Amino acid sequence: MAHHIDAGAEFHHPPEETMKQLRKSHIPIILAVAAAMVITAAAVYARAGGAGDFDSGGGGDDGIGFIIQIILWIVMELPFPWNLIVSGIIIVAFVIGSKMTAKKAKARTILNRLPTGDTVKKAPGRDAFMKNNPDFNEEVFLGNVRDAFMKIQKAWETQNLSGVRKFISDGVYQRFNTQFVMMGLLRQKNTMSRVDIKNVYIDRIDSDGLYDIIQAAVHASITESFTSELDPSLNTGGTEEFVEYWSFLKKRGRPRTDIYQSDSCPNCGTPLPKDMGEVSKCVSCGTLTNSGEYDWVLSEITQADDYVGANPKLGASAGLTEKVRRLIDENEDFAVQLVEDKASNGYLQMLTAQALGDPAVMRRFVSDEVFNSMPMPEPGARVAYNRLYLNDVYLVGVAVEEDKNVLAVAVKASCQRVKIDGGKAVKLDQAVMSRTEVILMSRDRKAGASKGSLYAHSCPSCGAPVENSLSINCAYCGNPFNSTASEWIITGVMPMERYEEYRRGNADSLAYQVKASQVDRLYDVRDFAFNNVMLVIAADGVFGDEELRFAEDLAKKWGYDREKLQPFFQMARNGRLSLRMPDDPKKRLKIFRMMEKAAEADRALSPEERLLLENVRTEFKIDTAA
Ligand SMILES: [Zn+2]
Ligand SMILES: [Zn+2]
């Protein structure tokens, strides 16, 4: 019908006239299509960084080119004055659209994904987990997490891990143990007057080979005082509220044998020794209580900012575990988390060796080359690591060489280095700083079964206990400890930027690899800068109302959603932030410039702030002349 009328109309009018009529009737459709295109183009333009995103320069040309094409087409094809009206509408819509999208994109940041401590309704990974573990009792599990949390606070305060040793991994044991050594050097004491758990919930459940890992969030507040007799300027304290993530690991589908409320061996029932030290082992049957065979084992504690900022692609997963297991010809029991635990353990003992100036602490598990190149403080001097903790530990590379396998594990650690010279403390860092190092662990390709763990002081060849010593041969079986025949030995330690060289140089043998830039991927330049500015303004030990107002103003200026940043401000106020920098030197310079600007805007630069900025410049090798 419509076709017939059109055909008739054509008969009565001159052709151009008809075309104009036709186009006029199509204007609403053209407008609608153009509007949709403009919205898309505006979004592309804003996201690509054209509208002032901090991280990437340029890239918005696609959106603009597209719009110019549309406008040209409209000006040529539509009759006057419609062409100008429609073009005008499109330009206005484009400007408004890109501004709005840019604002939204800017407000979206890793810093406002910090948790509020409210229960997650449906934890990712939960359904698959329940299918594999139908007997799982969440109430009992969360009860044990609460119990573990309280017991660990007590163990921390009294510097006595005997009551919690049975349910923590060797790596977690070493995290505490190393801190006790550092606190001893700095003559520090941490007393707690009030520990209050507000909420405990399951945030996510991962799968890692034959193991499951439950990420339990603990929302708590603690009133404490952390004091140093050696240097009172290190003292901190007060009440802080926080969310931490506690990772618990257990073998999938195994019935649970309680190690939380029981003090007996989960395998044979013999009472466990009161003080097990480095190895959580039954004296009667030799079972390791913290292997994950029996009950949930605490294998990592992660702060909220590290947890939300972690690149999900780098986490332990069933796929990664299976891939690595095949590559290195490992047995079924292999899990990425277990390798990372071993790496953390070794890394922390190396720091202890350096702090104490005692190379015997690490001799047994490092290659001769690493041992000989490890810097030690000059005689009499000590360098302690104040507030030492591991932010994140990731497997970043797997190399398969002719006769050896090499695992590369990135360890991001935070601490403030303090030199102790003749009973006096000299701060080498003005604040707690995060640094990433990569450690290489090597083992023979056709490795024999290990009878013990060198990192937990037992001989891999015969299982006999191993003391800290400069001698590298076992007193029982005579085998060299640091042989790659049956244990992963540390054969390299390097900063992240040097690992990039290693990675490029070993491209042929690396069967699995992660680029350095991926490790910090979820933080952009602005996030690093904002985090560091917050740390700078809290550097004088105060984060009061005036500081908070400055922080909120800066947040607004930098396009953040202030409301959503409240948990982040809470972390700043609690002194929980550490100085962070990516590995890219260009980004470092950008971040440093933003920090300087912000520090200047904040009234006059205080001496602490000036000192800290100077410290950051030299520590992260920022070339301000560039
Ligand atoms: Zn036993
Ligand atoms: Zn031996």
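Data overview
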| quantity | calculated |
| --- | --- |
| Subset of the range 205-254 (residues that are closer than 14 Å to Tyr307 by Cβ and more than 18 Å from the chain's Cα centre (by Cα)) | His219 |
| Selection within the range 240-272 - within 15 Å of ligand 1 (Cβ to nearest atom), surrounded by fewer than 18 Cβ atoms within 10 Å (Cβ to Cβ) and part of a loop (DSSP other than H, G, I, E, B) | Thr257, Asp258, Ser262, Asp263, Asn267, Cys268, Gly269, Thr270 |
| Qualifying positions in the range 273-292 - within 8 Å of ligand 1 (Cβ to nearest atom) and of a type in the set (A, V, I, L, M, F, W, C) | Cys282, Val283, Cys285 |
| Residues that are modelled with pLDDT under 90, touching a helix residue (DSSP H, G or I) at 6+ places or on another chain (Cβ under 8 Å) and acidic (Asp, Glu), drawn from the range 525-550 | Asp540, Glu547 |
| Criterion violated by Leu234 - all others in (1) within 16 Å of ligand 1 (Cβ to nearest atom); (2) surrounded by fewer than 22 Cβ atoms within 10 Å (Cβ to Cβ); (3) not acidic (Asp, Glu) satisfied | (1) |
| Residue in the range 372-379 that is over 27 Å from Asp305 (Cβ atoms), loosely packed, with under 15 Cβ neighbours inside 10 Å and among the hydroxyl-bearing types (Ser, Thr, Tyr) present | yes |
| Residue among Gly463, Gly423, Gly448 that alone is surrounded by fewer than 20 Cβ atoms within 10 Å (Cβ to Cβ), away from ligand 1 (no atom under 16 Å from the Cβ) and either modelled with pLDDT of 95 or more or at positive phi (or both) | Gly423 |
| Residues within the range 473-487 that are more than 31 Å from the chain's Cα centre (by Cα) and either crowded, with 17+ Cβ neighbours inside 10 Å or of a type outside the set (A, V, I, L, M, F, W, C) (or both), tallied | 8 |
| Selection within the range 302-335 - of a type in the set (Phe, Trp, Tyr) and part of a helix (DSSP H, G or I) | Tyr307 |
| Condition check for Asp553: touching an Asp or Glu at 6+ places or on another chain (Cβ under 6 Å), at pLDDT 80 or above and either of a type outside the set (A, V, I, L, M, F, W, C) or surrounded by fewer than 15 Cβ atoms within 10 Å (Cβ to Cβ) (or both) | no |
| Any pair with Cβ under 8 angstrom, 6 or more apart, that starts in the range 253-266 at a residue that is away from ligand 2 (no atom under 16 Å from the Cβ) and ends at one that is among the hydrophobic types (A, V, I, L, M, F, W, C) and assigned to a loop (DSSP other than H, G, I, E, B) | Arg256/Trp296; Asp263/Leu272; Ser264/Leu272; Cys265/Leu272; Cys265/Cys282; Cys265/Cys285; Pro266/Ile259 |
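This table checks each residue for (1) within 16 Å of ligand 2 (Cβ to nearest atom); (2) within 22 Å of Arg363 (Cα to Cα).
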| site | (1), (2) |
| --- | --- |
| Val383 | no, yes |
| Asn391 | no, no |
| Asn405 | no, yes |
| Cys415 | no, no |
| Asp421 | no, no |
| Val432 | no, no |
| Tyr455 | yes, yes |
| Ser461 | yes, yes |
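The values are calculated or read from the model by the stated rules, or taken from the named source; none is laboratory data. No experiment lies behind these values; they were computed from the predicted model shown. Neighbour counts run over all protein chains shown; Cβ positions are idealised from the backbone, glycine included.
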